[in-house]
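What follows is one structure encoded as structure tokens, with my remarks underneath.
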Amino acid sequence: MIEIIKKYARENKFDVIYPSMELNGYTYFRLDYQHKPRYTGHPIIVKINNSRNVVRVRDLEEAYMAANKVKAPLILT
């Protein structure tokens, strides 16, 4: 699961991955930039299901629920 999200983050030029929660068979992650400032905007949340499909969360309620439960970051190098 971690390798899938690392590959997705590299392809989309994200530097930091924050694991979040698991809900209804999905594992949620927050993606962010390490050196680029982000002054506005909503958190970027993706979810991975058991068949390893990565989907970006567009629903704000679902995104903020996952953003409020983030854990220690996994920084890409």
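Residue count for segment 1-52 under the criterion of being in contact with a strand residue (DSSP E or B) (Cβ under 9 Å, 6 or more places away or on another chain) and surrounded by fewer than 11 Cβ atoms within 10 Å (Cβ to Cβ): the result is 2. Among the residues making up segment 24-37, those that are of a type outside the set (Lys, Arg) and within 16 Å of Arg56 (Cβ to Cβ) are Tyr26, Thr27, Tyr28, Phe29, Leu31, Asp32, Tyr33. Pairs meeting the criteria (first residue in segment 15-31 and closer than 9 Å to Pro73 by Cα, second residue among the basic types (Lys, Arg), beta carbons under 9 Å, at least 6 apart or on different chains) are Val16/Arg30; Ile17/Lys6; Ile17/Arg30; Tyr18/Arg30; Tyr18/Lys71; Pro19/Arg30; Pro19/Lys71.
Could you look through segment 56-77, keep only residues that are buried (at least 16 other Cβ atoms within 10 Å of the Cβ) and not in a helix (DSSP H, G or I), and pick out the one that is modelled with the lowest pLDDT?
Ranking the qualifying residues of segment 56-77, first place goes to Val70.
The values are calculated or read from the model by the stated rules, or taken from the named source; none is laboratory data. As the structure is a prediction and not an experimental result, all values here were calculated from the model. Cβ sites come from the backbone with ideal geometry, for glycine too, and all protein chains shown count toward neighbours.
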